[in-house]
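Notes for the one structure printed next.
Only the coordinates and a few stated rules stand behind these numbers; no lab work does. Bear in mind the structure is a predicted one, so any value in this text is a computation, not a measurement. A quick note on method: Cβ atoms are made from the backbone with ideal geometry, for glycine too, and the neighbour counts reach across all protein chains shown.
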Amino acid sequence: MKVTTAGIDLAKNVFQVHGVDEHGKTVLKKQVKREQMAPFFANLPTCLIGMEACGSAHHWARKLQALGHTVRLIAPQFVKPYVKTNKNDAADAEAICEAVGRPNMRFVPVKNIEQQAVLALHRVRQGFIKARTAQVNQIRGLLAEFGLIVPQGISHIASRVPELIEDASNELPGSFRTLINQLVDHVKVLHTQVLDMEAKIKAWHRESEMSRKLEQIPGIGPVTASALVATIGDAKAFENARQLAAWMGLVPRQHSTGGKAKLMGISKRGDTYLRTLLIHGARSAIVAFQRKAMKEDSWLGKLLLRRNPNVSAVALANKNARIVWALLAKDRTYRNELTPMVAGV
């Protein structure tokens, strides 16, 4: 029988494939090795293929799309409810096959090679920042054991630590002084690597028309703009601006029942990195807004009068996400003085 829908449980070497026909009857259960994947699906009639959005998913999606198949990527949390029994590769592949055929299922857009390359720069930069922060905290912790306190902040490492190491009155052992100097040099190397990644991201940003367009929004710079363009891809995959904001986890969680609506904090779903960039960018935009002559009759001015800065930052990040959708999906240009029609997008 002809396979119309298939689910693939991805792995490093051995893949599990589950296929059904047009009536939903199982007609294919097979383990396929990595080197056999392309020939197997090249000989399979074109069908709908579902995979979890995990490691190497975008690579295999592009490969299978090139063979003529229709590929859909599903977030793992949406597949889990369809697992009928204990977790194993065959059960996972069957659950994926079941989930991809649901009419109301949500899918993850397939990223192209350029998008993945840009996001790799962002992920490496993020890793260097985490390593730099961890190294700075380790230096502060080691010095605290000897009664030497360094204020929080990376800038204090370069300004305070050399003075403490050179001070002979603190009775630090020579080996410990050498150790701290080595750790400070490591922080400098990590900082240089962060700056190198940022330079590469900004170079890509300057060549991307869509990324430069997003930079015009207050609170969005080159790093955030490039991350948004590379992650979102085709904004038309979202029906409206609120869907994009919800995809980023910037809308309230609901716990409603009996016709009584109860809204809670933001859902924090989706990409944590994107959400963090948008919220921190909104904080900087609020600070810049407060330094200037505040227009209390503006949207942000009215918001700051009735809400604290943290809530205002999240609200502004939500609004910026919606503006991003309008600029990308409808090919608009950002205007600083928004009319009521555009402000409500």
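When DSSP beta bridges are restricted to pairs lying wholly in the chain, around 65% turn out antiparallel.
DSSP beta bridges fully contained in the range 5-100 are about 55 percent antiparallel.
As a rough footprinting exposure proxy, the listed residues 334, 82 were ranked by other beta carbons within 10 Å of their own, and the order from fewest upward is 334, 82. Viscosity 1.002 mPa s, temperature 20 °C: give me the Stokes-Einstein translational D for the range 164-238 in µm²/s, with Rh taken as the Kirkwood radius over C-alpha pairs. Calculated translational D: 137 µm²/s.
For residue 253, the residues whose amide H sits under 5 Å from its own are 264, 265, 266, 267, ignoring neighbours fewer than 5 places away on the same chain, with H placed 1.01 Å from N. Counting 0.36 nm for each residue step from residue 35 to residue 168 and taking away their Cα separation leaves a gain of 41.5 nm. Taking 128, 146, 289 in turn, the Gaussian network model of the chain (Cα-Cα springs below 10 Å) assigns the largest fluctuation to 146. Phi-derived couplings, Karplus 6.51 cos²θ - 1.76 cosθ + 1.60 at θ = phi - 60°, listed residue by residue for the range 256-269: 9, 7, x, x, 9, 7, 10, 9, 10, x, 5, 6, 6, 8 Hz, with x used for Gly and Pro.
In the chain, a dipole from Cβ-located charges (positive for Lys and Arg, negative for Asp and Glu) runs towards its positive end, and of 137, 150, 289 it is 289 whose Cα lies farthest in that direction. Excluding same-chain neighbours fewer than eight residues apart, the lysines reachable from residue 188 by a Cα-Cα span under 28 Å are 130, 200, 202. From the Cα gyration tensor of the range 245-293, with a ≥ b ≥ c the square roots of its eigenvalues, which class applies: rounded if a/c is under 1.5, or else prolate if a/b is larger than b/c, or else oblate? Taking the square roots of the gyration eigenvalues as a ≥ b ≥ c, the range 245-293 is oblate. Computed across the range 117-184, the Kirkwood radius stands at 13.1 Å (inverse of mean 1/r, all Cα pairs). Computed from Cα atoms, the angle from the helix 113-144 axis to the main principal axis of the chain rounds to 40 degrees. Quick one: Debye curve from the alpha-carbon atoms of the range 211-343 only, equal weights, vacuum; give me log10 I(q)/I(0) at q = 0.18 Å⁻¹ to two decimals. Calculated log10 I(q)/I(0) at the listed q: -1.04. Computing FRET efficiency as 1/(1 + (r/R0)^6) for residue 134 and residue 113, where r is the C-beta to C-beta distance and R0 is 30 Å, gives about 0.45.
Neighbouring Cβ atoms within 10 Å as the yardstick, rank 25, 202 fewest first.
Ordered from fewest to most neighbouring Cβ atoms within 10 Å, 25, 202 come out as 25, 202.
Diffusion coefficient (Stokes-Einstein, Kirkwood radius over C-alpha pairs, 25 °C, 0.890 mPa s) for the range 5-100: 188 µm²/s, rounded to a whole number.
Relative intensity of the chain on a log10 scale, I(q)/I(0) at q = 0.08, 0.16 Å⁻¹, equals -0.57, -1.29, per a Debye sum over C-alpha point scatterers of equal strength in the absence of solvent. Tell me the angle of helix 222-232 to the major Cα principal axis of the chain, expressed in degrees between 0 and 90 and rounded to the nearest ten. In the chain, helix 222-232 runs at an angle near 10 degrees to the longest axis.
Which of 105, 210 comes first, and how do the rest follow, when ranked by fewest Cβ neighbours within 10 Å? Could the numbers behind the result be given before it?
Details: 105 16, 210 19.
Ranking 105, 210 by Cβ neighbours within 10 Å, fewest first, gives 105, 210.
Straight-line reach from residue 12: taking Cα to Cα under 27 Å and skipping same-chain neighbours fewer than 8 places apart, the lysines in range are 29, 30, 33, 63, 80, 84, 87, 111.
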